[in-house]
1. Pick out the one residue from Ala76, Ala67 that is surrounded by 15 or more Cβ atoms within 10 Å (Cβ to Cβ), at pLDDT 95 or above and of a type in the set (A, V, I, L, M, F, W, C).
2. Could you check region 79-99 and list, in sequence order, the residues that are surrounded by 11 or more Cβ atoms within 10 Å (Cβ to Cβ) and within 19 Å of the chain's Cα centre (by Cα)?
3. Report whether or not Phe57 is touching a Leu at 6+ places or on another chain (Cβ under 9 Å) and of a type in the set (Phe, Trp, Tyr).
4. Six or more apart or on different chains, Cβ atoms under 6 Å: show the pairs whose first residue is in region 55-84 and under 28 Å from His14 (Cα atoms) and whose second is of a type in the set (Val, Ile, Thr) and surrounded by 15 or more Cβ atoms within 10 Å (Cβ to Cβ).
5. Considering (1) under 21 Å from Arg97 (Cβ atoms); (2) within 19 Å of the chain's Cα centre (by Cα); (3) not in a helix (DSSP H, G or I), say which one Ala76 fails and leave the rest.
6. Which count do you get for residues in region 64-106 that are of a type in the set (D, E, K, R) and closer than 22 Å to Leu42 by Cβ?
7. Just the residues that are farther than 17 Å from Val28 by Cα and of a type in the set (A, V, I, L, M, F, W, C), please, taken from region 71-106.
8. Taking only region 1-53 into account, find how many residues are without any contact (Cβ under 8 Å) to a residue 60 or more places away in the chain, open to solvent by less than 90 Å² (accessible area, probe 1.4 Å), hydroxyl-bearing (Ser, Thr, Tyr) and closer than 19 Å to Gln66 by Cβ.
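The values are calculated or read from the model by the stated rules, or taken from the named source; none is laboratory data. Since we're looking at a predicted model, the values are computed, not measured. Positions of Cβ are backbone-derived with ideal geometry, glycine not excepted, and every protein chain shown enters the neighbour counts. Keep in mind that these areas ignore ligands, DNA and RNA; they rest on the heavy atoms of the full protein, side chains included. Shrake-Rupley method; radii C 1.70, N 1.55, O 1.52, S 1.80 Å.
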Amino acid sequence: KIGRPRTAYKGQEHCDLVEKLGAEGKSVAQMAQACGCDVSTLYEWINENGPYYEYEFSESYARARQASQCYWEDLAQSALFNRDLNGPVLMWQVNNRFPQAYQARPELASGNVQINIQVSAEDESVT
């Protein structure tokens, strides 16, 4: 089978590199580029069910992503007092870099949320 050559995982060197880049707010693509691989290879190293899983790298990557999110949150907090920062661009960055934490959830914004509450007849405080 002919395919692209695999980038060799360099252990602690790659771990330190992604953590450094995360602290600088870099993206996953920028981390992969610095490691000399593409994003799919980087994801292979953190996929615990995959054949190329690297536990230490997975832990470093998780710390790097958290550090990157903190970088952008710090920048957003400083924007509260800095008129030179572009709020919409900053918002776009955090929404797209960290969608699980920041992307708008239309069902919440519209108030169109269904809540099911069950009340028991044994609850005497409900009238």
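1. On the way: Ala76 fails: at pLDDT 95 or above.
Criteria check complete, one pass: Ala67.
2. Leu90, Met91, Trp92, Gln93, Val94, Asn95, Asn96, Arg97, Phe98
3. Numbers: touching a Leu at 6+ places or on another chain (Cβ under 9 Å): yes; of a type in the set (Phe, Trp, Tyr): yes.
Here the answer is yes, as Phe57 does meet what is asked.
4. Ser58/Ile46; Ser60/Val18; Tyr61/Val18; Tyr61/Ile46; Ala64/Val18; Trp72/Val94
5. Looking at each condition in turn, Ala76 falls short on (3).
6. The first filter runs over region 64-106 and keeps only residues of a type in the set (D, E, K, R), leaving 65, 73-74, 83-84, 97, 105.
Filter again for closer than 22 Å to Leu42 by Cβ, leaving 65, 97.
Selection size over region 64-106: 2.
7. If the condition is that a residue be farther than 17 Å from Val28 by Cα and of a type in the set (A, V, I, L, M, F, W, C), then Leu75, Ala76, Ala79, Leu80, Phe81, Leu85, Val89, Leu90, Met91, Ala104 are the ones that fit.
8. Here the count works out to 0.
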